[in-house]
Structures are given as structure tokens and as C-alpha cells.
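Heads up, the thing below is written out as C-alpha cells.
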Amino acid sequence: MRVEDITSRENAWIKKLIRLQNQAKDRRKEQAFVLEGLRTLKDAAENGVTFEQLFFSASVYSAHKDDCEALFSHAKRLYRLSDELFLKVCDTKTPQGLLAIVPMPDIIHKSLSPIGRYLALENLQDPANLGAIARTAEALGLDGLILSKDTCDPFCPKALRASMGTLCRLPLYGCEDLTDFLRKSGLTRYACVVHGQSVPIRDVTFSDGCVSVIGNEANGLSEELIRSCEYSITIPMAGRAESLNASVAASLVMWEMLG
């Protein structure tokens, strides 16, 4: 495959690459996002992802020729950048010399399994939390994550890095109205709260066909969503802390769901 050399940051492909890294609206408009790093790209290729454009630095090819050649076979177009230019366009401080633009999967028009076990996220705002939750969800064997419209973008660089590539593998389900989506899903719904009339999670027996819902880092779940769930559950805490980090709480909930 022919390799094209790019030497200027003013190149149209470089500008598009930067926009996709920095702007969620551009990712939605283009229906594409950016993957970075040798390990992440190898994992994506092994899972059938095609790279629309693959950008690599001059030095990475010298250091990892065989790996690069294997990735090249999954790319439609190849671009070689100088190490200096690559440093200017990558999102990490110590880049591995590989970036790819990949098509965004459809997370809206997908059906849930009636016997699956899921975690839903309402208005989660920290991409690092989302990435960590996804990584734990895959490790424990959850059937997927359900994301509200106002939850942070799962395809932003920070979320993808925190997930260690999991967000390219774990089933994701997006929805315009989370409360309505869950109500119509047929799943047994558990609202995770820190107060009120709730059942300690250790006393809950989760069965197939269920979903637990984690809310915003600062404000928790909306009252509307709590009222729409069949059960409210909580993680008992003995110390003085009023709440747990969202990703920690989600990990404990998923462990109980799948234990």
C-alpha cells in the first residue's frame, strides 16, 4: 500500500485528526474517532476494526516494523509523519507513534438481551471514570453499558485511554431518554443511591435480566429515574465519607451483580 508523507500541521488530514481528538461535536458529525498507541491499535485490529486513516511516526516504523506492517494491512490509507510533527498532533505526552481514525460504532440502534446484566450511567461527566467503569465491566463479564445522552463521550481520548481499549470491545448502548429506555427494556431496574429508603446491596439477589444505574459524580441520580426503578439500593459505609467515587461505586455494584 502506498504511504503518503505529511510534513505540515496545516495538512487537511492533520487538521481533521486534531478536531476528532478535541471535539465531541466533530466526532458525532464525522461518525469517527481516534485511537492511539500500538497496543490499542493491535487490539482493535484483532477485533475486526478497520482504520480509515493510519498515521505513524518515522521512528516507530524503525522500532516496530513487523507490528506496523501487520497494522498496515487493516488500514485504507497510510500517512507517515516526522517525529516532530507527530508530537504536535498526538494527545499523550509520551506517544507511541501510531494514531488511527476509525468509524464510530452504532450505539443507538441496538437491542438489549432480556437475560443480560447491564450497568446504566446517567450524566456521568468524567471520561476517566467512564473508562475505568468500562474496563471493570469487561473484566467481570457484564453484558454492556447503557449511556444516557448527557453522559460524557465514550470515544474521547481520555475515556479510551482509561479503558485500555475496552470501550472498543464492550457493548455500548446509547439512548435519548434513559428513564424511558430502561422502562421499556423489560429489565429489572436498580437505582444506586446513597440515602433514603434503600436496600443494602449485600442483601440484594440479582437475577438475569437486570440493570443497575449509577448517577452523576456530584449529584447522583435524578429523582425521575429513581422513581422509575423497581428498587433503590445502596453501598453501606462505616466511615465519615458521604459517598464513593463513581467508578469505585460502579465496581462494587457490578461485583455484587455478577457474584
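The values are calculated or read from the model by the stated rules, or taken from the named source; none is laboratory data. From a predicted model like this one, the values you see are computed outputs, not experimental measurements. Using ideal geometry, Cβ is built from the backbone for each residue, glycine included, and neighbour counts are taken over all protein chains shown. For the accessible areas, the whole protein counts, side chains as well, though only heavy atoms, and no ligand, DNA or RNA atoms are used. Shrake-Rupley method; radii C 1.70, N 1.55, O 1.52, S 1.80 Å.
With the contact rule set at Cα under 8 Å and sequence spacing of 6 or more, what percent relative contact order holds for the stretch 128-177?
On the way: 73 pairs, mean separation 25.8, N = 50.
It comes to 52 percent, rounded to a whole number.
For a quick check: with amide H placed at 1.01 Å from N, whose amide H comes under 5 Å from Ala32's, ignoring anything fewer than 5 positions away on the same chain?
For Ala32, the qualifying residues are Met104.
Compute the relative contact order of the stretch 162-259 as a whole-number percentage, counting only Cα pairs closer than 8 Å that sit 6 or more residues apart in sequence.
33
On the protein heavy atoms, probe 1.4 angstrom, tell me the percent of accessible surface of the stretch 1-114 carried by carbon and sulfur. Intermediate results must be reported in sequence, preceding the final value.
Values: 3020 of 6400 Å².
Carbon plus sulfur share of accessible area: 47 percent.
Can you give me the P(r) profile for the stretch 8-125? Cα pairs, bins 5 angstrom wide beginning at 0, each as a whole percent.
In order of increasing distance, the bins hold 2, 10, 20, 21, 18, 12, 7, 6, 3, 1, 0 percent.
As a test of understanding, state the convex hull volume per residue of the stretch 109-259 from its alpha carbons, in Å³. Show your work: numbers first, answer last.
On the way: hull volume 15.9 nm³, N = 151.
Spread over its residues, the Cα hull of the stretch 109-259 gives 105 Å³ apiece.
At a 1.4 Å probe radius, which order do Glu138, Glu10 fall into by accessible area, largest first?
These residues rank, largest area first, as Glu10, Glu138.
Would you compute, from DSSP H runs of 4+ residues alone, the mean residue ellipticity of the chain at 222 nm, taking -39500 (n - 2.57) per run and dividing by the full residue count, rounded to the nearest 500?
About -10500 deg cm²/dmol.
Got the relative contact order for the chain handy, in percent, Cα pairs under 8 Å and 6 or more residues apart?
Numbers: 477 pairs, mean separation 48.1, N = 259.
Averaging sequence separation for qualifying contacts and normalising by length gives 19 percent for the chain.
What Kirkwood hydrodynamic radius do you get for the chain when you take the inverse of the mean 1/r over all pairs of distinct Cα atoms, in Å?
Radius from the Kirkwood sum: 19.6 Å.
Is the C-alpha gyration tensor of the stretch 69-119 telling us rounded, prolate or oblate? Criteria: a/c under 1.5 is rounded; beyond that, a/b larger than b/c is prolate, otherwise oblate.
In terms of gyration-tensor shape, prolate.
Which far-off residues, 5 or more places away or on another chain, put their amide H under 5 Å from the one on Thr188, with H placed in the peptide plane?
Correct list: Cys210, Val211.
When the gyration tensor of the stretch 121-160 is built from Cα positions, what are the square roots of 5 times its three eigenvalues, in whole Å, from largest to smallest?
16, 12, 7
Send over a whole-number figure in Å² for the accessible area per residue of the stretch 144-223, probe 1.4 Å.
44
How large is the accessible surface of Cys156 in square angstrom, using a 1.4 angstrom probe and rounding to the nearest 10?
Rounded to the nearest 10, that gives 20 Å².
Three principal axis extents, largest first, for the C-alpha atoms of the stretch 1-43, in Å?
Largest first, the stretch 1-43 extends 30, 30, 16 Å along its Cα principal axes.
Which whole-Hz ³J(HN,Hα) couplings does the stretch 40-51 yield from phi under the Karplus relation 6.51 cos²θ - 1.76 cosθ + 1.60, θ = phi - 60°, glycine and proline marked x?
So the J values, rounded to whole Hz, are 5, 5, 4, 5, 4, 4, 5, 9, x, 6, 9, 8.
With θ taken as phi - 60° and the coefficients 6.51, -1.76 and 1.60, list the Karplus ³J(HN,Hα) couplings across the stretch 9-20 in order, rounded to whole Hz; mark glycine and proline as x.
The phi angles translate into 6, 7, 4, 4, 5, 5, 4, 5, 4, 5, 4, 5 Hz.
Per the Debye formula with a single identical scatterer at each Cα and no solvent contribution, what log10 I(q)/I(0) holds for the stretch 172-259 at q = 0.16, 0.18 Å⁻¹?
-0.62, -0.79
Could you state the principal axis extents of the C-alpha atoms in the stretch 100-189, from the largest down, to the nearest angstrom?
If we take the Cα atoms of the stretch 100-189, the spans are 37, 26, 23 Å.
Once the Cα gyration tensor of the stretch 24-79 is diagonalised, what are the square roots of 5 times its eigenvalues, in whole Å and ordered largest first, as equivalent ellipsoid semi-axes?
Largest first, the stretch 24-79 gives 21, 12, 10 Å.
Give a residue-ordered list of calculated ³J(HN,Hα) values for the stretch 149-165 (Karplus: 6.51 cos²θ - 1.76 cosθ + 1.60, θ = phi - 60°; whole Hz; x for Gly, Pro).
For the stretch 149-165, the Karplus curve yields 4, 8, 6, 4, 5, x, 9, 7, x, 5, 5, 4, 5, 5, 7, 6, x Hz.
Suppose each label sits 7 Å from its Cα in the direction of the beta carbon; what would the Ser8-Gln23 distance come out to in nanometres?
About 2.0 nm separates the two model spin labels.
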